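Take a look at the structure below.
The values are calculated or read from the model by the stated rules, or taken from the named source; none is laboratory data. This is a predicted model, so every value here is computed, not measured. Every residue, glycine among them, receives a Cβ derived from its backbone with ideal geometry; neighbour counts consider all protein chains shown.
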Amino acid sequence: MVSDVENTSSLFEIAFDPPPRGSRRSAESVYAQLRAAILDGRLVPGSKLPVERQSAVFFGVSRNTVARAYAKLAIEGLVQSRRGSGTYVAPKQKRSARKRLPTQRTPDPRLNALWQRPELAQALNFWHDNPRATAPKASAFLDFRPALVDPRLFPFEIFRRVSAKQQRRMELKPPAFKSPQGNQGHFPLRAAVATHIGISRAVVCEPDDVLVTAGAQQAFDMLARVLVTPGVTTVAIEDPGYPPMRAAFLAAGAKILPIPVDEQGLVVDALPVSVQIVCVCPSHQFPFGVSMSAQRRAALLNFARKHGSVIIEDDYDGEFRYDGTPLQALRSTATADDVFYVGTFSKCMLPALRLGFVVAPQWAMAALIRAKNCLDWHCPTLTQMAVARFIADGHLAQHVRKLRDVYRKRRDLIEEILQSDFSGELSPMQSHYGMHVAAFSTLSKRLDRVTARLLELNVHLHSFERYFFGAPTSEGLVFGYGAVDLKGIEQGLKALRRAL
């Protein structure tokens, strides 16, 4: 067993000036230096101080001298003694405020100017609500923000058993040490992904076509790194669309071209021939929720083949189909050379897993692997092993079926209330997929003021405005139902009725 002394000696690295030998102010010197370290934050609350019997090793003074210094610190409430354990820095100490330079009005020239662009910050912060609209903390939020999930629905007990089994396997047969270079992801997970999306989304691919990523956002970032030449490449995005996807290409230096969306999806006729990358959510557009029509799909694929462009297909919640004819993904055997298919486990499992994937053309895979290796070598192996087993054992399919039933009821309730109680003000867009419903405003209202008022009532609800890259061309509200139950939906829409 490792002793307290060994634990302390390995962690206590505060620079200390020992008092002169024979000094009568040794205790005062130890006290003053420790006090300064506590107040300026070098010794954080909960830090363990060296045991008194090791005072000569750490402070160069006697045990009694350190005991007197600790006693004085304890009187001031700066340290606490725990019987049989030692002396610790007390919690919640008042520290001297750090001196900060005045806020610069212009970006510091030492920073890459791309990361200072206001549209980039806005795109990455689109989930955040106005900080000035402070809500009371007495009750829980009703959260209608899209792309959120309800963790209460996840089968934690099953996943815990699966994870524990994989950890035991790793203990019995530890992974062999080898260079992570060229790591495309845990092969059983890539194989499980290929099987899962083949059944659920009709995506034809092999494990070698799959690259495991830390969520969909890293997938977008890697694609931007590999496909964009700064200041040259033009990227078409849906407008309105998913802001964090847009942010990845902005950060890579792409020229962003917003393309309008209507009831059939992306308006392909609005694409100029100069576009090299087209980003779309064809199954369930974000945030309008429309599905891209067969005619538009064919037109988009034809555009890519004719002009040598590539398509990035974001299928963030395509597993959740409730009615209508199943829509195949744009990625198929015939289009495998033109389409990058991005998926995530954040919606069908948990965002905290930070796992996603890209199904990529073979001509791009080597470059994507290098980009992944440059970022983090590979995703955590144990998590990949657990998710692979969770899929292979059928638990993901069972969980998705459960979520479909839950989400269908939530969607139906939102549409029913909107049609009955808001028929003169909000018109819901028909949606067969996903985790949110969009409703267009039929009246000219300041919906940003409405959502600010709702936040004061503990209700998170977004308007269309924050999803547009250019000037908003339509008004409406987005009702996410991944994180709010049936009772919460009724309460939230009653609050919306009052706010309107």
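Computed quantities for the displayed model
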| quantity | calculated |
| --- | --- |
| Failed item in (1) surrounded by 21 or more Cβ atoms within 10 Å (Cβ to Cβ); (2) of a type in the set (A, V, I, L, M); (3) at pLDDT 95 or above, with Val203 passing the rest | (3) |
| Members of segment 186-235 found to be more than 23 Å from the chain's Cα centre (by Cα) and in a strand (DSSP E or B), listed by number | Thr234 |
| Filter result for the condition that a residue is surrounded by fewer than 23 Cβ atoms within 10 Å (Cβ to Cβ), without any contact (Cβ under 8 Å) to a residue 24 or more places away in the chain, on the phi < 0 side of the Ramachandran plot and not polar (S, T, N, Q), over Ala392, Ala366, Ala397, Ala336 | Ala366 |
| Residue under evaluation Val232, criteria (1) more than 20 Å from Ala121 (Cβ to Cβ); (2) crowded, with 23+ Cβ neighbours inside 10 Å; (3) out of contact with any strand residue (DSSP E or B) (no Cβ under 7 Å at 6 or more places or on another chain), criterion not met | (2) |
| Candidate set from segment 83-102 (those that are surrounded by 10 or more Cβ atoms within 10 Å (Cβ to Cβ) and modelled with pLDDT under 85); member that is farthest from Asp40 (Cα to Cα) | Gln93 |
| Candidate set: segment 425-446, residues that are of a type in the set (A, V, I, L, M, F, W, C) and either part of a strand (DSSP E or B) or touching an Asp or Glu at 6+ places or on another chain (Cβ under 6 Å) (or both); chosen: the one farthest from Gly476 (Cα to Cα) | Met435 |
| Pick from segment 237-288, criterion among the small types (Gly, Ala, Ser) and part of a loop (DSSP other than H, G, I, E, B), ranking: surrounded by the most Cβ atoms within 10 Å (Cβ to Cβ) | Ser283 |
| Where a residue in segment 218-231 is assigned by TED's automatic domain parsing to the domain that holds Ile277 and closer than 10 Å to Gly253 by Cβ and its partner, wherever it lies, is of a type outside the set (A, V, I, L, M) and surrounded by fewer than 19 Cβ atoms within 10 Å (Cβ to Cβ), with Cβ under 7 Å and at least six apart | Val228/Gly253; Pro230/Gly253; Gly231/Gly253 |
| Where Val339 falls short, out of the listed (1) closer than 20 Å to Gly185 by Cβ; (2) touching a helix residue (DSSP H, G or I) at 6+ places or on another chain (Cβ under 7 Å); (3) modelled with pLDDT of 95 or more | (2) |
| Single residue of Val44, Val57 found to be assigned to a loop (DSSP other than H, G, I, E, B), at pLDDT below 90 and hydrophobic (A, V, I, L, M, F, W, C) | Val44 |
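Results for (1) assigned by TED's automatic domain parsing to the domain that holds Phe144; (2) closer than 25 Å to Val437 by Cβ; (3) at pLDDT 95 or above; (4) assigned to a loop (DSSP other than H, G, I, E, B), shown as yes or no for each residue.
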site	(1), (2), (3), (4)
Leu327	no, yes, no, yes
Ala334	no, no, no, yes
Ser346	no, yes, no, yes
Phe357	no, no, yes, no
Trp363	no, no, yes, no
Ile369	no, no, yes, no
Leu375	no, no, no, no
Met385	no, no, yes, no
Arg410	yes, yes, yes, no
